[in-house]
Amino acid sequence: MKTWTKYLLAFLIFTLGAVAFYFKVYIPKSSYETVFPKRTSLEVQVFGIGNVGAKNIYTISAQTAGRVTNIFSDEGLWVKKGDLLATIDPVDLPSLLEEARATLVKVRFESVATQKELQSLNAQKELLKISYERYEKLYAQKYVAKVEFDKANADLQTITAQIASSHAHISAGEAEILRVQKSIEALEAKRSRLNIYAPVDGYVIAKDAQIAQTVLASQSILKVVDTKTVWVEAYIDEQISSTVQVGQKVDITLRSQSNTILSGTLERISAMSDAVTQERQVNISFDTLPLPFYINEQAQVAITTEVFSDILAIKAAHLSFKNGKNGVWIVQNNTAHFQKLEILARSGKFVAVKSGVDESTKILVPDSSKKPFSEGMRVHL
């Protein structure tokens with residue numbers, strides 16, 4: 001009696017264990033979710049990563065070395081074209097300019113004096129010429145001695161030489177006036193270069209110098225970006241770059257605004273690829289510039305290369321690979337069957353399917369925690 005009871009108890013335990021294994025282990029391990037392909041619109045996108053930059057970033061610098069006396073802007077401020085941004089110490093330029101202007105006044109007065117003197121000499125020459133002509137007639141008639149006639153001739157020649165000298169002085173004065181004027185213009189141009197103005201409407205992204213700092217010629221004081229040229233400098237793999245074209249629409253995600261998708265347009269594709277990374281640079285402008293923006297901020301881009309409308313699509317995660325073919329596992333008479341697919345395009349989490357399934361096809365969802373699919377295996381839904 002006791003032996004029979006033991007066998008019965010063992011049988012019950014085995015049966016309960018088998019039932020528990022079947023319902024708790026086997027059934028869950030072979031039960032799968034299914035999905036159906038859906039007709040939808042699908043955008044094929046090429047993804048890349050890069051940084052915010054700009055086509056035109058202006059380095060604001062002095063044309064001559066000197067000490068910075070004022071900086072009228074700062075990082076993060078907007079400026080307009082023509083705004084005074086900084087000044088350089090003119091040192092002795094103002095005094096040199098005043099000296100040159102005083103010299104110009106002096107040489108102009110001297111020129112006027114020489115011209116007045118010339119007028120006086122011309123008047124004297126007229127009198128001496130009349131006297132010479134009279135002595136010339138008297139000498140011919142033997143009424144005056146030759147010495148008196150020679151003196152009249154000598155006086156006329158002297159005044160003529162003085163007039164020629166005055167003309168030379170006037171020409172020299174005019175040349176001196178021109179020289180001083182050019183000197184003043186040069187000093188004024190040099191002084192004007194000590195005032196530094198904004199070349200465009202823009203945004204100050206860097207302040208590289210301080211007041212009282214001595215800077216060299218062409219050394220950066222400020223950097224101003226032309227906001228109309230702000231774009232994303234991104235890199236895409238050469239293998240997926242063949243369908244990328246200028247003018248395509250782009251979704252931009254900035255690291256500081258990870259939950260916001262900004263719209264942009266592909267502006268330029270680099271003519272050269274990086275031989276090391278095998279990537280190609282593309283430049284994408286913002287349709288509406290985000291404010292504030294940060295140069296060199298990391299950005300992700302998704303370039304829309306093609307748009308399919310009313311296309312059959314499935315999730316890329318549901319794809320499988322068997323015997324070198326892409327496909328999905330589907331349900332046929334409660335068993336698993338591998339179905340090859342002809343794929344039109346991939347876009348993020350989805351793929352567009354040309355043939356192999358239709359809207360009524362039950363696709364098995366792969367699950368790493370369950371039994372792997374095999375041809376003809378029984379599945380539970």
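The values are calculated or read from the model by the stated rules, or taken from the named source; none is laboratory data. Since the model is a prediction, treat every value here as computed from it, not as a measurement. Neighbour counts are summed over all protein chains in view; Cβ atoms, including those assigned to glycine, are modelled from backbone coordinates with ideal geometry.
Of all residues in the stretch 77-93, those that are at pLDDT 90 or above and on the phi > 0 side of the Ramachandran plot total 1.
Which one is nearest to HIS169 (Cα to Cα) among residues in the stretch 65-98 that are of a type in the set (Asp, Glu) and loosely packed, with under 13 Cβ neighbours inside 10 Å? Full working, then the answer.
Here is the first cut: in the stretch 65-98, the residues of a type in the set (Asp, Glu) are 74-75, 83, 89, 92, 98.
Right, trim to loosely packed, with under 13 Cβ neighbours inside 10 Å and you get 74-75, 92, 98.
Details: ASP74: 56, GLU75: 58, ASP92: 32, GLU98: 25 Å.
My answer is GLU98.
Only residues that are closer than 15 Å to PHE36 by Cβ and either outside any loop (DSSP other than H, G, I, E, B) or β-branched (Val, Ile, Thr) (or both) were counted across the stretch 352-381, and they come to 6. In this structure, ALA152 does not satisfy being touching a residue at least 24 places away in the same chain (Cβ under 8 Å), more than 21 Å from PHE109 (Cβ to Cβ) and not in a helix (DSSP H, G or I).
May I ask you to list the residues in the stretch 261-310 that are among the hydroxyl-bearing types (Ser, Thr, Tyr) and within 17 Å of GLN45 (Cβ to Cβ)? Please lay out each step first, then the result.
Quick first cut of the stretch 261-310, residues among the hydroxyl-bearing types (Ser, Thr, Tyr) only: 263, 265, 270, 273, 277, 285, 288, 294, 304-305, 309.
Result: SER263, THR265, THR304, THR305, SER309.
Output the residue which, of all residues in the stretch 208-248 that are part of a loop (DSSP other than H, G, I, E, B) and hydrophobic (A, V, I, L, M, F, W, C), is nearest to the chain's Cα centre (by Cα). I'd like the intermediate steps shown before the answer.
Start the filter on the stretch 208-248 by keeping residues that are part of a loop (DSSP other than H, G, I, E, B), which leaves 208-213, 216-219, 226, 241-248.
So of that shortlist, the ones also hydrophobic (A, V, I, L, M, F, W, C) come out as 209, 211-212, 216-217, 244, 246.
Details: ALA209: 22, ILE211: 28, ALA212: 30, LEU216: 25, ALA217: 23, VAL244: 21, VAL246: 17 Å.
Within the stretch 208-248, the match that is nearest to the chain's Cα centre (by Cα) is VAL246.
Just to check your reading of the model, which residue among GLY376, GLY324 is over 30 Å from TRP231 (Cβ atoms), touching a Ser or Thr at 6+ places or on another chain (Cβ under 6 Å) and surrounded by fewer than 17 Cβ atoms within 10 Å (Cβ to Cβ)? The unique qualifying residue is GLY376.
Specify which of the listed residues (SER111, SER131) is touching a Gly at 6+ places or on another chain (Cβ under 9 Å), assigned by TED's automatic domain parsing to the domain that holds SER183 and modelled with pLDDT under 90. It is SER111. Against the test of being modelled with pLDDT under 90, at negative phi, surrounded by 15 or more Cβ atoms within 10 Å (Cβ to Cβ) and not assigned by TED's automatic domain parsing to the domain that holds GLY76, the options SER241, SER285 yield a single qualifying residue, SER241.
What do you reckon, is LYS142 of a type in the set (Lys, Arg), outside the structural domain of SER241 (by TED's automatic domain parsing), in a loop (DSSP other than H, G, I, E, B) and exposed (fewer than 12 other Cβ atoms within 10 Å of the Cβ)? Yes; evaluated as a whole, the condition is true for this residue.
Taking the stretch 195-207, which residues are part of a loop (DSSP other than H, G, I, E, B), surrounded by fewer than 19 Cβ atoms within 10 Å (Cβ to Cβ) and either in contact with an Asp or Glu (Cβ under 6 Å, 6 or more places away or on another chain) or not charged (D, E, K, R) (or both)? Full working, then the answer.
Of the stretch 195-207, the ones part of a loop (DSSP other than H, G, I, E, B) are 198-201.
Going one step further and asking which of them are surrounded by fewer than 19 Cβ atoms within 10 Å (Cβ to Cβ), we end up with 199-201.
Result: PRO199, VAL200.
The set of residues in the stretch 254-282 that are in contact (Cβ under 8 Å) with a residue 40 or more places away in the chain and surrounded by 17 or more Cβ atoms within 10 Å (Cβ to Cβ) comprises LEU254, GLU279, ARG280, GLN281, VAL282.
Of all residues in the stretch 103-114, those that are within 15 Å of SER171 (Cβ to Cβ) have Cβ atoms under 8 Å from Cβ atoms of residues that are assigned to a helix (DSSP H, G or I) and small (Gly, Ala, Ser), 6 or more apart or on another chain, in VAL107/GLY173; GLU110/GLY173; SER111/GLY173; THR114/SER166; THR114/GLY173.
In the stretch 116-131, the residues that are within 15 Å of ALA161 (Cβ to Cβ) reach residues that are at pLDDT below 90 and charged (D, E, K, R) with C-beta atoms within less than 7 angstrom, at least six apart or across chains, in these pairs: LEU128/ASP155.
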